[in-house]
Structure formats: C-alpha cells, structure tokens
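What follows is one structure encoded as structure tokens, with my remarks underneath.
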C-alpha cells in the first residue's frame, strides 16, 4: 500500500490521541465528570493523585478557618458522594473523606481549637491561605496556585447546597473569598 494523502488521512485519526480541545467540545455535562478529574483538569495537575492530595490541603486550610460545627455541616453534605469512580483502591473515597483530615492528631486538634480567623497570632488571611496550599499541596512551579484553588472550589461548590456555599463564603478572607465566588 502506498502512502497517498488519502491513506494517511484515514490512518491519522486513530494514531493521534484525542486532543483536549476535542474533549472540551464533547457533550459531557460537568456533573457527570468525577470530582477529582474536574480538579485535575481545571488546575492543570499532572495526575489524579496530585488532585487528591492538593484537595486535601485546600480542605484542611478551609476547615482551619471554620468552627467545628460549620465544618461538620459541610461534611454532612459531602457524605456519600464519590471523589473518583475507579477500580484503584487508593482513589475509592467519598469526597467527605477528603474533607476530613487524614492525620488523626491534626483532625483531633482541629475539632477542639477555635477557628484561625480574626485578630490573633494564628490568623489565616488570604496570603497565608494561598501560601499554605501552595507549599503543603506540593504544587509544581508550572501550576498557578490561585487557579488550582479555584478548581477545588468549583468542584466543591457543585456538590454543596446554596446554604453551605454561602456559609463557607462567610468564613473566607478577602482574596480567597473572591476566588470562591469566581469558581
């Protein structure tokens, strides 16, 4: 068989992986894309494990701003919603498992201490929030930390009621609140 332009064109679609532009034009509704996959794509993360780890850090810093009661109300709404639909055991979590701290000591302390908001030595303002998520989340240099945070916020807001969305907004500092609202 000769390689005529026609025969090359026939072979090319199967040889070329589907581009992200082609995926964007597909009619898949955002609600049908798994939670961690949304974050991976929107944040520009390399893999689903990076999305999981980064999401846990963003959730930890968010919880640090909130009362235990407010964090528990968020957890109630995230209960039973899958983070990723997969056969991989390491990713078979509900979103609520990402919301709760995986470190038992940190989890306990976060339940007994007051929110890290307002005046005081432990205040978490927007700069500290973004600094913590970038450093603790292990973002690579090519990932924009604000876009990554917005990706987590966007996916999270799709899982919550308007009441929880508003409640979380009431706890966020100025620039982070703006990212929440933009997400």
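A few points about this structure:
- Odd one out for residue 159 among (1) over 25 Å from residue 82 (Cβ atoms); (2) buried (at least 16 other Cβ atoms within 10 Å of the Cβ); (3) touching a residue at least 60 places away in the same chain (Cβ under 8 Å): (1)
- With respect to being touching a helix residue (DSSP H, G or I) at 6+ places or on another chain (Cβ under 7 Å) and modelled with pLDDT of 95 or more, residue 39 fits the description.
- Checked across the range 53-70, the condition of being surrounded by fewer than 18 Cβ atoms within 10 Å (Cβ to Cβ) and at pLDDT below 90 holds for no residue.
- Residues that are surrounded by 13 or more Cβ atoms within 10 Å (Cβ to Cβ) and under 15 Å from residue 49 (Cβ atoms) within the range 139-148 comprise 139, 143, 148, listed in sequence order.
- Unique match (being over 18 Å from residue 39 (Cα atoms), surrounded by fewer than 16 Cβ atoms within 10 Å (Cβ to Cβ), touching a helix residue (DSSP H, G or I) at 6+ places or on another chain (Cβ under 9 Å) and at pLDDT below 95) among 131, 108: 131
- Within the range 82-96, tally of residues that are modelled with pLDDT of 75 or more, part of a helix (DSSP H, G or I) and over 16 Å from residue 68 (Cα atoms): 1
The values are calculated or read from the model by the stated rules, or taken from the named source; none is laboratory data. As the structure is a computational prediction, the values presented were derived from the model and not from experiment. Cβ coordinates were reconstructed from backbone atoms using ideal geometry, including for glycine residues, and neighbour counts include every protein chain displayed.
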